[in-house]
Amino acid sequence: MRPLFLATLLISAAAIAYEILLMRMLSIVQWHHFAYMIISLALLGYGASGTFIAIGRRWLEPRFEVFFSLSALLFSVTMVACFVLGQRVPFNALEIVWNPRQFLYLAATYLVFFVPFFFAACCIGLAFTCRRSRISRIYFFDLLGAGLGAMMIVGVLFLLSPQDTLIMLSVVALLASASMGLTSNARKPLLAVQLVCLVALLFGLPKSWLEMRISEYKGLNQAMQVVGSNVLTVSSSPLGLLTVVESPRIPFRYAPGLSFNTGFEPPEQLAIFTDGDSMSVITRFDGNLDALGYMGDVTAALPYALLDAPHVLILGAGGGADVLLALYNGAGKIDAVELNPQITNLVTGTFAGFAGHLYDDERVTLHTQEARGFVARSKNRYDLIQVALLDSFAASGSGVQALNESYLYTVEAIQEYLRHTAAGGMLAVTRWLKLPPRDNLKLVATVLKALRETGVADPGRRLAMIRSWNTSTLLVKQGEFSLDDIAVIKEFARSHSFDTAFYPAMPAHAANRFNLLDQPYLYDGITALLGENADDFVARYKFHITPATDDKPYFFHFFKWSALPEVMALRKRGGASLIEWSYLILIATIAQAAVAGVILILLPLSRVKRSWPAGAGTRMGGYFFLLGLAFLFVEMAFIQKFILFLSHPLYAIAVVLSGFLMFAGFGSAYSGRLARRVEQTGRSPVSIAVAGISAIALLYMALLPMLFQQLMGLADGIKMALSVFLIAPLAFCMGMPFPIGLNRVADRLPDFIPWAWGINGFASVMGASLATLLAIEFGFTVVVLFALGLYAAAAVIMRHQLAQGRL
Amino acid sequence: MARAAMVDEVHFYATLARDTGEAALDEDVMQSLGTVERHEFVPARERRFAYENRPLRIGHGQTISQPYIVALMTDLIEPDRDFVVLEIGTGSGYQAAILAKLVTHVYSIEIIEALADEAAARLARLGYDNVTTKLGDGYHGWEEHAPYDAIVVTAAASHVPPPLIRQLKPGGRMIIPVGGRFMTQQLLLLEKTDDDEVITRQIAAVRFVPLTRER
């Protein structure tokens, strides 16, 4: 392989891996949604590199190898340096609502992480600009490298700590620098610097520099402030950084929804923090169920009062709290499903003794799988399906989850759960109670839609909900609740001083007795959702409680624009928590990216002397902008579709993203041949590629849901292979329009190449955020249709340019 | 001057609150807010913001609440001159100082050693003789001085510790802010009836009707 191609491949692999790694690391030190925003802005480095090359092209071109090597070297160095520096910026996300100075720190953070992406993109942009005859091949290796990088980083993160992974990626970039450096006329000085960097990376970095400085406001650091607390184990994977903490002097006592009337206290517990936050626990268990008395006094125990020795399916078994709940309350058989193998390893391995070999109990079967996929594949019908309270109150309360897709709480998911519930059995979901209610009511709306769609005439007869001061437990019965059932529910609630929020034919006065709300929000809300004017109620509710679906899997999205002015006005009177942050952060990301894109990319470019006819630049700029947006739209929408099929977000990212990138690479490699063949016939090759993209995407939109439903039960390996097979033709076509356009530009408007690279980079950043926004508002189907419209517009531009003889 | 402006702001919001039917703030509570030197309770780097109506960092991952919330919490326990109050989570000692101006004695427990030491020294230096602090586990309350007329819990918990309910006098009130750092979601007011029955009320700091008007 030529050094240029090897270096391109390595740089692209390292850049995408760095992006995924940074997302991981920033999610650990900060919070996920801010990590997303920081990285989106940092990726503008891609666009800015185009500007830089456009400005310096004539000077850079004769020194191409040196500058490629130097950029790769700087990418390698700044990957580490900027992480170290970025951690020194005193940005505190939680304070942003109160302290305007935080915006400056945030901007500083963007700027720091912008630098490595800028240098990575300089390498590829220089290659396109200076080696114009090889554009298709370069683009092939660029995409192939990105595909390999995306796949490998997931595996590497299982084996190495984030810090070691960072060093490894830095070395990969250094190798790219060396491979190009050797072909340059400055090979000796470059080699010397590369060697110094290598030694420094491997042996010279003080450990404290790379230490992740987790925000002091995250749960882990809060716990570590307590006298005697102690970290027992730390394990890292792409699913999260798990830290197990003991606090012998002042124990953890985690028991959400515990009754005031209880005479019990939780036994000793170890806390598990995921990414330094969202605490769950492993509870000490010696086989003596009497020590777990408190497990009978939580709202989540309600279904056990109604069922006799049920066969239980627990979705989200985690540290085992819900398994203990089931055991204490007399479950006959338990299937416990947990996504993260590291958590189950803690309970079955390191802390098996502490947890009383919980998962070895003959009644318990552990399944380390994704919940939704497990249910879809399961042949069982359960007496009780229990969705565990997985998110911490802080995460649930601060509105930071809205951007996370969740396939656990969609209409289709509820239907799937109910299909696997035995006659007379139940689905039970416990959630934190926020005021005014958001997820609690959205869950009910989702359940009602699921029931109505399956032909249940009177869904209200199948619902019951109780609440403590901070949790609510919803029961959905397979069949109607009997008078006896209702009597049991009422007695369970009364004896624990829980309030009934709803049961069939419940009188209004029974809704608000022990834990008084200024209005019986849940009773009123559920009654309204069951009534004739339910749609009007949902429309008038100040939070978004329209049911989540697989096409719009944003259960945690509650934001409504109409409520924003009122909420902002209440901020200083203790109303800050009413603001649903992540949606605003997404909007802010798009707005900032647009402004920064104009300032960093388009404005400087507009100052560059142009050598092309009037109008051509605008049209070709539009072409590359549309392609950048459309590619990201399709890629993101199909990743989501496949997440559901592959039942695992990691597999989906590793398989689908890398599949997309690699086959787009093959498409790119083929594009030159297609262009030559087609252009002889006077047609536009881009039109043919876009026709292919549209036909395949539309076919998939129609067929995939059905196909996935049928094939869900296949083994993981087969499903992954099938996914790649399905992605291949679509991605192959998607890989063509960019290099075809770039090749045409290289022939006629060579000065425009860095522009194309910059604009495309800018559009990719906008595309990722806009795709999420569109999906939240309209669903992924619309995202794909929108993308096809963009592709069609790009094809029209290209055809027009060709017809006019401008290209 | 700055303190008076802060009190005015809290008073302004409290008046707004009164107009919308929310809890109004007692004059004594407002007076206490106007007397306690909040700048003494925050680290030097935060001092210039001491009289802004917002939460501030006090180090160790802890915060001092927004003055409006402090006032509201204090008001909700309906403090009386002869009250003995237990506070769980001393923090910087600001809430204890506000209470100290209104009640007979405040007992306060802090879980973080550095904060406990700093708050004890600070309260002593500022002459709050009727506040007693200790380092320890708030879950079990402070049995020695129980029962209490009121309990203020400023530390997060997944449930209300049963020992605290036991240490509350019949007719007593407990107040617990719910939510993360820098953002109080709502206040949980727990009342123990004369029959030892527990009733809680969720108090939203602001009146926010979740429905728009009917169309």
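What distance in nm lies between label points placed 7 Å from Cα along the C-beta direction at A:V595 and A:T454?
4.9
Once you put a point 7 Å from the Cα of A:F103 and another 7 Å from the Cα of A:D290, both along the Cβ direction, what distance in nm separates them?
6.3
In chain A, with Lys and Arg counted as +1 and Asp and Glu as -1 at Cβ, which of these residues, A:W59, A:C82, A:S694, has the Cα nearest the positive end of the dipole, that is, farthest along it?
A:W59
Can you work out the FRET efficiency for the pair A:L773 and A:V196, with r the C-beta to C-beta distance and R0 = 60 Å, to the nearest 0.05?
On the way: r = 45 Å, r/R0 = 0.75.
For A:L773 and A:V196, the calculated efficiency is 0.85.
Placing unit charges on C-beta atoms (Lys and Arg positive, Asp and Glu negative, everything else neutral), compute the dipole magnitude of chain A about its Cα centre in debye, rounded to 20. List each step's numbers first, then the result.
Values: 60 positive and 52 negative charges, 772 e Å.
In debye, rounded to 20, chain A gives about 3700.
Could you tell me which residue out of A:A803, A:I601, A:V634 lies farthest along the dipole of chain A toward its positive end? Charges go on the beta carbon: Lys and Arg +1, Asp and Glu -1, centred on the Cα centre.
Value: A:A803.
Quick check: the distance between the Cα centres of the stretch A:57-72 and the stretch B:69-133, to the nearest angstrom?
The distance from the Cα centre of the stretch A:57-72 to that of the stretch B:69-133 comes to 66 Å.
To the nearest whole number, what is the average tally of beta carbon atoms from other chains within 10 Å of the beta carbons of peptide A:319-326?
On the way: counts 0, 0, 0, 0, 0, 0, 0, 0.
What the average comes to for A:319-326 is 0.
Mind checking the mean number of beta-carbon atoms from other chains within 10 Å of the Cβ atoms in A:785-798?
Values: counts 0, 0, 0, 0, 0, 0, 0, 0, 0, 0, 0, 0, 0, 0.
Going residue by residue through A:785-798 and averaging, the value is 0.
Given axes a ≥ b ≥ c from the Cα gyration tensor, I'd like to know whether the stretch B:8-143 is rounded (a/c under 1.5), prolate (a/b larger than b/c) or oblate. Intermediate values should be presented prior to the final figure.
Details: a/c = 1.81, a/b = 1.30, b/c = 1.39.
Oblate shape, in that a/c is at least 1.5 and b/c is the bigger or equal ratio.
When A:H420, A:H357 are ordered from fewest to most other Cβ atoms inside 10 Å of their Cβ, what list results?
Lowest count first: A:H357, A:H420.
How big is the gap, in Å, between the Cα center of the stretch A:1-48 and the Cα center of the stretch A:201-251?
24
Please state the shape class of the stretch A:1-214: rounded when a/c is under 1.5, otherwise prolate if a/b exceeds b/c and oblate if not, all from the C-alpha gyration tensor. Walk me through the intermediate numbers first.
Numbers: a/c = 1.81, a/b = 1.54, b/c = 1.18.
It is prolate, given that a/c is not under 1.5 and a/b is the larger ratio.
Report, to the nearest 10°, how far helix A:3-29 tilts away from the longest principal axis of the Cα atoms in chain A, using its own Cα long axis and a range of 0 to 90°.
30
Any chance you could count the Lys pairs in the stretch A:481-606 whose alpha carbons are under 22 Å apart, treating pairs 8 or more apart or on different chains as valid? Display every interim value, and only then the final one.
Working: A:K542/A:K552; A:K542/A:K560; A:K542/A:K572; A:K552/A:K560; A:K560/A:K572.
Lysine pairs, 8 or more places apart or on different chains, close enough: 5.
Classify the stretch A:651-807 as rounded, prolate or oblate from the Cα gyration tensor: take a ≥ b ≥ c as the square roots of its eigenvalues, call it rounded if a/c is under 1.5, otherwise prolate when a/b beats b/c and oblate if not. Let's see the in-between values first.
Details: a/c = 1.99, a/b = 1.70, b/c = 1.17.
Cα axes put the stretch A:651-807 in the prolate bin.
Between helix A:716-734 and chain A, what is the angle of the helix's C-alpha long axis to the longest principal axis, kept within 0 to 90° and rounded to the nearest 10?
Approximately 40 degrees, to the nearest 10.
Please compare each pair in A:K379/A:K719; A:K218/A:K442; A:K218/A:K434 to a cut-off of 23 Å on the Cα-Cα distance and tell me which ones are over it. Intermediate results must be reported in sequence, preceding the final value.
Numbers: A:K379/A:K719 19 Å; A:K218/A:K442 27 Å; A:K218/A:K434 20 Å.
The answer is A:K218/A:K442.
What angle do you read, to the nearest 10 degrees and between 0 and 90, between the alpha-carbon axis of helix A:32-42 and the longest principal axis of chain A?
Result, in degrees: 10.
From the backbone phi of the stretch A:796-803, what are the Karplus-calculated ³J(HN,Hα) couplings (6.51 cos²θ - 1.76 cosθ + 1.60, θ = phi - 60°) in whole Hz, Gly and Pro given as x?
These are the phi-based 3J(HN,Hα) values: 4, 4, 5, 4, 4, 5, 5, 4 Hz.
In Å, what Rg and Dmax follow from the Cα atoms of the stretch A:466-572?
Values for the stretch A:466-572 (Cα only, Rg and Dmax): 16.2, 48 Å.
What is the mean number of Cβ atoms from other protein chains located within 10 Å of the Cβ atom of each residue in peptide B:5-12, rounded to a whole number?
1
Give the residues of the stretch B:149-171 whose amide nitrogen is closer than 12 Å to a point set 7 Å from the Cα of B:D194 in the direction of its Cβ.
Once the point is set 7 Å along Cα→Cβ of B:D194, B:170-171 turn out to lie under 12 Å by backbone N, inside the stretch B:149-171.
Work out the charge dipole of chain B with +1 on the Cβ of Lys and Arg and -1 on the Cβ of Asp and Glu about the Cα centre, then indicate which of B:G59, B:S92, B:A124 is farthest towards its positive end.
The one lying farthest along the dipole's positive direction is B:G59.
Per the Kirkwood formula on distinct C-alpha pairs, the Rh of the protein assembly as shown is how many angstrom?
Working: mean 1/r = 0.0327 Å⁻¹.
Taking the inverse mean of 1/r over all distinct Cα pairs, the protein assembly as shown comes out at 30.6 Å.
Explain nothing, just compute: Karplus ³J(HN,Hα) = 6.51 cos²θ - 1.76 cosθ + 1.60, θ = phi - 60°, for every residue of the stretch A:185-195 in order, whole Hz, x for Gly and Pro.
8, 10, 4, 5, x, 5, 4, 4, 5, 4, 5
Amide H neighbours of B:E87 under 5 Å, at least 5 residues apart or on other chains, H built in the peptide plane: list them.
Result for B:E87 returns B:Y107, B:S108, B:I109, B:V152.
For the stretch A:239-245, take each phi angle, set θ = phi - 60°, evaluate the Karplus expression 6.51 cos²θ - 1.76 cosθ + 1.60, and give the result in whole Hz per residue in order, putting x for glycine and proline.
Per residue, the Karplus-derived 3J(HN,Hα) values read 7, x, 9, 9, 10, 9, 10 Hz.
Suppose we keep just the DSSP beta bridges with both residues in chain A; what percent of those would be antiparallel, to 5?
Details: 33 of 51 bridges.
The answer is about 65 percent antiparallel.
What list do you get for A:E370, A:E211, A:E95 if you sort them by fewest beta carbons within 10 Å? Please report the intermediate quantities before stating the final value.
Numbers: A:E370 24, A:E211 12, A:E95 21.
Lowest count first: A:E211, A:E95, A:E370.
Over what distance in Å are the Cα centres of the stretch A:650-713 and the stretch A:425-453 separated?
The stretch A:650-713 and the stretch A:425-453 have Cα centres spaced 39 Å from each other.
For chain B, what does the relative contact order come out to in percent, with C-alpha contacts under 8 Å and a separation of six or more? Don't skip to the end; give the middle numbers.
Working: 392 pairs, mean separation 33.0, N = 215.
About 15 percent, as a whole number.
Pick from B:A114, B:A97, B:A71 the residue whose mean-square fluctuation is largest in a GNM of chain B, springs joining Cα atoms under 10 Å.
So, out of B:A114, B:A97, B:A71, the one fluctuating most is B:A114.
In percent, what relative contact order does chain A have, based on Cα pairs under 8 Å that are 6 or more apart in sequence?
Working: 1459 pairs, mean separation 124.4, N = 807.
The normalised contact order for chain A reaches 15 percent.
With +1 on each Lys and Arg Cβ and -1 on each Asp and Glu Cβ, how big is the dipole of the stretch A:433-546 about its Cα centre, in debye rounded to the nearest 20?
It comes to approximately 300 debye.
Using Cα pairs under 8 angstrom and six or more residues apart, how large is the relative contact order of the stretch A:56-193, in percent? Write out the running numbers ahead of the final one.
Numbers: 112 pairs, mean separation 61.0, N = 138.
Relative contact order, the stretch A:56-193: 44 percent.
Using only DSSP helix segments of four residues or longer, with each worth -39500 (n - 2.57), what per-residue ellipticity at 222 nm results for the protein assembly as shown after dividing by its residue count and rounding to 500? Before the final figure, lay out each step's value.
Numbers: 36 runs with 512 residues, N = 1022.
Counting only the DSSP helices, I get -16000 deg cm²/dmol.
Sort A:436-448, A:61-73 by packing, meaning the average of other beta carbons within 10 Å per residue, with the highest value first.
Details: A:436-448: 24.7, A:61-73: 21.6.
In descending order of packing, they fall as A:436-448, A:61-73.
Where a number appears in this text, it was derived from the coordinates with a stated rule and is not lab data. Quick caveat, the model's predicted, so the values are computed rather than measured. Please note: Cβ atoms are built from the backbone with ideal geometry, for glycine as well, and neighbour counts cover all protein chains shown.
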